[in-house]
Amino acid sequence: MFNISVEKMHGAPFSISPMSIKRDWMDVTSEKHAYRCFPVTQANVIGWNIFCEEDIEFVWDGINDQTDKHINIISSPQGSYAGRGQSSISLNTGLIFRTDSDVSIFTINPVNYFNEDFETMSNLITTSFYDNPLPLAIKAKRANQNIVIKSGTPLATIIPISLTNLNNSTIEVFEYKDEDKSRMNANISYGEAAQKINSTGGWTDWYRDAVDENGKSLGSHEVKTLRLNVKDNRSTK
């Protein structure tokens, strides 16, 4: 478990909440089939959501350079600026994070949110000493049209990560070993059984339950249900 605290500057319109499992595009899949995909739904709830309580609107003219001449901010929270150019606007979240020395905050585009108009740029901040609001930058993907981000829209997913533990890690690659074909046969059997069930419109849920097609346990998930919270300790909310 990570120890994370956040100071919210007075008047800051940015807030934090656990990521939701819900996605609009998943809602419209046949019988909401996408929600039966355990790897996708687990990814949906990784980290926390940063969103703005105000609408954001801007226009990019299609030219990329280091000036602020090609972004017109129509409406955005105080402190927003286009001074970095490159079809992006920077947002002052007013959220100052503090973590232990072996934990950093990794900011990414919200997981499994797909948007044709904009994308949030990823960044990694050492939050054990950084005493400024968490930076957030939005990059336009369409030129010469108003890009409107409605209040409450997830802008970023933040994930605590230990670079100390990650540093010097090595992925070792080995030859695939299956001399008696048992692994290959097991994979074929699993695939054929799954295809048979899926072709009838059913779901296996075998990976979710960590079992094979015969219900035999294959192991267990590190965490099957991820629970994240936000506790607001401010005296005035």
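A few remarks follow.
- Within a Gaussian network of the chain (alpha carbon springs, distance under 10 Å), most fluctuating of T204, T29, T170: T170
- Distance histogram for the stretch 96-237 (every C-alpha pair counted, 5 angstrom bins, percent rounded to whole numbers): 2, 7, 9, 11, 12, 12, 12, 13, 11, 7, 4, 1, 0, 0
- To the nearest ten degrees, helix 182-199 and the longest principal axis of the Cα atoms of the chain are 70 degrees apart.
- Candidates L134, L124, L166: whichever shows maximal mean-square fluctuation once the chain is modelled as a Gaussian network with Cα springs under 10 Å: L166
- Fully extending the segment from T225 to A143, taken as 0.36 nm per residue of separation minus the present Cα-Cα distance, adds 25.5 nm.
- Shape descriptor for the stretch 4-166: Rg over Rh equals 0.99 (Cα atoms; Rh from the Kirkwood inverse mean 1/r).
- Extension gain, S30 to E192: 0.36 nm times the residue separation minus the Cα-Cα distance gives 56.1 nm.
- Spacing of the two label points (7 Å from each Cα toward its C-beta) at N233 and Q66, in nm: 4.2
- Convex hull volume per residue for the stretch 170-226, taking Cα atoms only, in Å³: 135
- Only Lys, Arg, Asp and Glu carry charge here, each on its Cβ (+1 for the first two, -1 for the last two); on that basis the chain has a dipole of about 480 debye about its Cα centre.
- Each residue, E53 and F2, gets one label point 7 Å from its Cα in the Cβ direction; the gap between the two is 2.4 nm.
- Selection from S20, A34, T126 lying farthest towards where the dipole of the chain points positive, charges on Cβ: S20
- Within the listed set N144, N109, N167, the Gaussian network model of the chain (springs between alpha-carbon atoms below 10 Å) gives the highest mean-square fluctuation for N167.
- Contact order, relative form, for the chain: 21 percent (alpha carbon pairs under 8 Å, 6 or more residues apart, mean separation divided by residue count).
- Distance from the Cα centroid of the stretch 33-58 to that of the stretch 113-141 is 15 Å (rounded to whole angstrom).
All of the numbers you see were taken from the coordinates with simple rules; none came from a lab. Remember, predicted model here, so these are calculated numbers, not experimental data. Cβ coordinates were reconstructed from backbone atoms using ideal geometry, including for glycine residues, and neighbour counts include every protein chain displayed.
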